[in-house]
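Reviewing the structure listed below.
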Amino acid sequence: MSASTDSLNSRRRPRAFAPWLFLAPGMAMFLFYVIIPIFQSLWVSFYDWDGLSDAKWIGIANYLELLDDDAFYTSLKNNIIWLVLYMLSVPAGLMIALFLNQTVRGIRIYKSLFFFPFVISQVVVGLIFSWFYAPGFGLLYKLIELVTGQGVAILADENLVTYGIIAAGLWPQIAYCMILYLTGLNAVASDQIEAARLDGAKGWRMLWYVVIPQLRPATFIAIVVTVIGALRSFDLVSIMTSGGPFGSSRVLSYFMYEQALSEYGYRMGYGAAIAVVLFAIMIIFISGFIWKMWRDEKGVR
Amino acid sequence: MARTVTTRQKALNTTLAWAIGLLIFFPILWTILTSFKTEGQAISDPPIFLFFDWTLENYAIVQERSDYLRFLTNSVIIAVGSTLLGIVVAVPAAWSMAFVPSKRTKDILMWMLSTKMLPAVGVLYPIYLLFIKLGLLDNRWGLVVVLMLINLPIIVWMLYTYFKEIPGEILEAARMDGATLREEILYILTPMAVPGIASTILLNVILAWNEAFWTLNLTAAKAAPLTAFIASYSSPEGLFYAKLSAASTMAIAPILIMGWFSQKQLVRGLTFGAVK
C-alpha cells in the first residue's frame, strides 16, 4: 500500500516541480537584466561618480540639482507631449480601420501597404523624415511652402522640433494601430451589429456602444504598444536632432544619456538620478493606468 | 457590416482607400525611387517622381564604401540568434504559465511586459560596464544575449497566448496514456504550437533586426549590424540623399521581402496573438 503511494508520488513529483523549473531560466534572465540594473541605478544616483575614479557619496544632492535644472523640465515636458500625441494614433488607427473595413478591391495588397512602415527600423524612419523636413528641397518643407507661402525648417525651430519628430514616429504607429483594429474588426459579431441595427442604433451610437466594446482586446494591445513606442522616443530624437536645437527636443532618456554616457558628460550619478525619476514616473502613472485596464480586461474574460 | 452601396459610392470608397494606403506607403516608395536617382536629381526642384535617368551607381558606391554583406551577416546572426535563444528560454516558461497557471500567473505576465515600458537608457550603463568586464563589447554574441533579454517579455507573452489556445484535454489524454512530461512537450504540445511559435519567431526577428539603441551603443566596427550601416550615412552636411536612400533600401529590403511573404503569420504576431 505504502509502496504504491510512493511510486505514485515519485511519478507525480517531476510534474509538480516542472513549472517552477521551467520558469526559472526566464525569471533569472529577467532578474539579471531588469531588476538588478534598476537597483544599481538607484544606488549610483546617490553618488558623484565619473565612471572611472572612486565614487563619492553625496546623498540626495543629485536630486536637488535636478529640481533646479531647466533641461530637466524641458525634457519632462517633451516626454509628456510625446505620450499625449502618440495616444492619438489609437483613435486615428481606429478611424482608418473603420473606413477600410469594407469590400475594397485588392484588400490584400492594400493591407500590406500599411504593414510596411511598422516593420522598418526607426533609424530609417528618422532619416527619411529628416530628409523630408530638409530646408530647400525636402518634400514636407516644399508642401509647407506651397500651403503657407513660406518654408519652415522644422527641425531647426525650437518650438516645432518636438512635433516634427513625433510626426515621424506617428507614421508607423498609426499604421500599426490600423492593422490591429482591422484584424479586430473581423471578429466583431455581425449578429450583434444586426440586432443593434434593428433596435435603431446607427452611426456614433452603434460605434460607441456596440463596436468599440467588442474591440477591447485590440484597444488594450494598441495602448500598451503605443505607450512603449512613445517611450522609445530616444531612437528618433537621437537620429533626427541629437536633442537640438539648444536641447529643445530632448526627452528624459536622451537627457540622461547626454549626462552620463555621451562624449559630453560622464556624470553617472546625475544620469542615474534622472533614470530613477523616469522610472518613478513610469511606474506610478503608466503602469497604474495599464494595470487598471488589465484588471478590467481580465474581469471581462 | 452588410450595407447596400451604390456602385459609384463603392468606386469612390475604393479610390479613397487606395489613396490613404499609398500615402502611408509613400515615404518608403520615395526612398526606393530616390535610390535610383543621381544626387542632383534627388534634390531637384520641383521633385521628379518617375521620369529621371535610372541609375545603379548609388548602390555601387555604397557597396564600395562599406561592406554591405558584413553588416547583413551581423544583422542575420544577431536577429536570428537572439530570437532562437529567446524561444529556448521562453517555451518552458510559457508552458508553465499556460498549463499550470496559478493565481499570480497573469500578474507576472503583465509585470514582465510592463518592464518593456521602462526606458532602455536606464539599464544601458550597468550592461555597458558588465560588457567591458566580460569583454563582450563589439561582440555579436554579447548582442545576441542582450537582444534576447530585451525581447523576452514579448516572446513569453506571445507564446503564452498561443499555448493557451491549445486545449488542455489533449495533454490530459496524453498523460492518461502514460506520456512522460518530456514526451508530452515534445510530441503533443510542440507540433500543435508550431504556427504560434513560427509567428513569434517572425515578429521577434523583425524586432531584433530593427533594434537600434543597443546595437548602436554596444558595437563598433566588428559586430555592427545594418542599423549601424544606415546610421553611418546620416551625416546631413554631405547632402548625399541618393546614397542614403540606396543604403536605406539595402537595409530594409530583406525585412520588406520577408514581411511580404509572411504577412499572415506576422499580423497575428503584431497583434500579440490577442486579437483574432
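The values are calculated or read from the model by the stated rules, or taken from the named source; none is laboratory data. What you see is a predicted model; the values in this text were computed from it and never measured. Counting neighbours? That spans all protein chains shown, and the Cβs are built from the backbone with ideal geometry, glycine included. For accessibility, only protein heavy atoms count, side chains too; no ligands or nucleic acids. Shrake-Rupley method; radii C 1.70, N 1.55, O 1.52, S 1.80 Å.
Quick look at the numbers
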read-out: Counted residues, the stretch B:16-63 - those being open to solvent by 60 Å² or more (accessible area, probe 1.4 Å), outside any helix (DSSP H, G or I) and over 24 Å from A:TYR141 (Cα atoms); value: 3
read-out: The stretch A:185-208, subset in contact (Cβ under 8 Å) with a residue 12 or more places away in the chain and open to solvent by 60 Å² or more (accessible area, probe 1.4 Å), residue farthest from the other protein chains (Cβ to nearest Cβ); value: A:GLN192
read-out: Residue that is modelled with the highest pLDDT, among those in the stretch B:92-108 that are among the hydrophobic types (A, V, I, L, M, F, W, C) and more than 16 Å from B:GLY168 (Cα to Cα); value: B:ALA93
read-out: Hits in the stretch B:92-112 - residues which are closer than 19 Å to B:LEU149 by Cα, more than 7 Å from chain A (Cβ to nearest Cβ) and open to solvent by less than 30 Å² (accessible area, probe 1.4 Å); value: B:ALA94, B:MET97, B:LEU109
read-out: Hits in the stretch B:228-252 - residues which are modelled with pLDDT under 75 and part of a helix (DSSP H, G or I); value: B:PRO236, B:GLU237, B:GLY238
read-out: Residues (buried (at least 19 other Cβ atoms within 10 Å of the Cβ) and under 16 Å from A:ALA189 (Cβ atoms)) located in the stretch A:211-229; value: A:VAL211, A:LEU215, A:PRO217, A:ALA218
read-out: Filtered residues of the stretch B:253-276 (kept if open to solvent by less than 10 Å² (accessible area, probe 1.4 Å) and at pLDDT 80 or above); value: B:ILE255, B:GLY259
read-out: Which numbered condition B:ILE188 misses (of (1) open to solvent by 20 Å² or more (accessible area, probe 1.4 Å); (2) over 22 Å from B:LEU226 (Cβ atoms); (3) not in a helix (DSSP H, G or I)); value: (3)
read-out: Count of the stretch B:81-101 residues which are assigned to a helix (DSSP H, G or I), of a type outside the set (Ser, Thr, Tyr) and free of Cβ contacts under 8 Å to residues at least 60 places away in the same chain; value: 2
read-out: Odd one out for A:ILE281, checked against (1) closer than 12 Å to A:PHE72 by Cα; (2) within 17 Å of the chain's Cα centre (by Cα); value: (1)
read-out: Residue in the stretch B:65-80 that is out of contact with any Cys (no Cβ under 7 Å at 6 or more places or on another chain), part of a loop (DSSP other than H, G, I, E, B), within 30 Å of B:ASN151 (Cβ to Cβ) and away from every other protein chain (no Cβ under 14 Å) present; value: yes
read-out: Matching entry among A:LEU252, A:LEU261, A:LEU278 (being facing chain B (nearest Cβ under 10 Å), at pLDDT below 75 and open to solvent by less than 50 Å² (accessible area, probe 1.4 Å)); value: A:LEU261
read-out: Verdict on B:ASN139 being touching a Ser or Thr at 6+ places or on another chain (Cβ under 9 Å) and surrounded by fewer than 20 Cβ atoms within 10 Å (Cβ to Cβ); value: yes
read-out: Tally, over the stretch A:129-154, of residues that are part of a helix (DSSP H, G or I) and touching a residue at least 12 places away in the same chain (Cβ under 8 Å); value: 6
